[in-house]
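Step one of this worksheet: look at the structure below.
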Amino acid sequence: MEYDYIKSLHLIFVVTWFAGLFYIPRLFVYQIEAFHKPSPEKEILGKQLKLMAKRLWFIITWPSAILATIFAIWLLILRPFWLEQSWMHVKLAFVFLLFLYQFKTHQMFTQLQRDEVKYTSNFMRIWNEGATFILFAVVFLVILKSAINWIFGVIGIFVLGIVLMLGFKLYKRIRTKNPEA
């Protein structure tokens, strides 16, 4: 019974963690685009978007990452045999990649909070998909519990990535022709 409660809390915080990771790059897109607007729009939007990013990052994303990790460790303490499974090793490698993604995103967050724009809004749109790829891999690993079968899921991720990139290019073309789209 305890395991199910801890697992539920772990999943809740994984969901909120990913919600933050999905949304923060979108805020970065808006911050970067606002940075290139004329005054006073630049300052008004910039201030509001920085506040939104700060609240999302420190009130939702980081606490969720920490709590998801605490509950994951707790689950592994309750079920240590999971650490003997090869799929779990692969999953933990993806979780490590997720933390690397978050640390890099944190670096971007810090730069934008200081009004240092080092990336384009188009780059941020692509960066936004990083967490999606990791999520797909982890979900397939956890559901299939196979260190091999997850590869088919990851192949699906890459196909999804290609479709997203084509959609991104199409949307960019539409936006170029019609800025209101």
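Residue check: is L166 more than 30 Å from E43 (Cβ to Cβ) and either within 14 Å of the chain's Cα centre (by Cα) or surrounded by 15 or more Cβ atoms within 10 Å (Cβ to Cβ) (or both)?
Details: more than 30 Å from E43 (Cβ to Cβ): yes; either within 14 Å of the chain's Cα centre (by Cα) or surrounded by 15 or more Cβ atoms within 10 Å (Cβ to Cβ) (or both): no.
No.
Might you check whether a residue that is buried (at least 16 other Cβ atoms within 10 Å of the Cβ) and touching a His at 6+ places or on another chain (Cβ under 8 Å) occurs anywhere in segment 48-61? First the steps, then the outcome.
In the first step, residues of segment 48-61 are kept if they are buried (at least 16 other Cβ atoms within 10 Å of the Cβ); the result is 49-50, 53, 56-57, 60-61.
The next check asks that each one be touching a His at 6+ places or on another chain (Cβ under 8 Å); those that pass are 57.
Yes: one or more hits.
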Total residues in segment 12-38, condition over 13 Å from S121 (Cα atoms) and either under 15 Å from the mean Cα position of the chain (by Cα) or among the β-branched types (V, I, T) (or both): 12
Top-ranked residue in segment 111-142 [being among the β-branched types (V, I, T) and farther than 18 Å from I66 by Cβ; ranked as modelled with the highest pLDDT]: V117
Options T69, T110; residue that is surrounded by 12 or more Cβ atoms within 10 Å (Cβ to Cβ) and among the β-branched types (V, I, T): T69
Criterion (over 27 Å from F58 (Cβ atoms), out of contact with any Lys or Arg (no Cβ under 8 Å at 6 or more places or on another chain), modelled with pLDDT of 80 or more and surrounded by 11 or more Cβ atoms within 10 Å (Cβ to Cβ)) met by exactly one of K177, K145, K104, K172: K145
Search result, residues across segment 1-54 that are more than 26 Å from V138 (Cβ to Cβ) and charged (D, E, K, R): E33, K37, E41, K42, E43, K47, K50, K54
Selected residue (only one of K50, K91, K42 is touching a residue at least 24 places away in the same chain (Cβ under 8 Å) and more than 17 Å from the chain's Cα centre (by Cα)): K50
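The values are calculated or read from the model by the stated rules, or taken from the named source; none is laboratory data. Since this is a predicted model, take the numbers as computed values, not measurements. In this analysis, Cβ positions are derived from the backbone assuming ideal geometry, glycine residues included, and neighbour counts consider all displayed protein chains.
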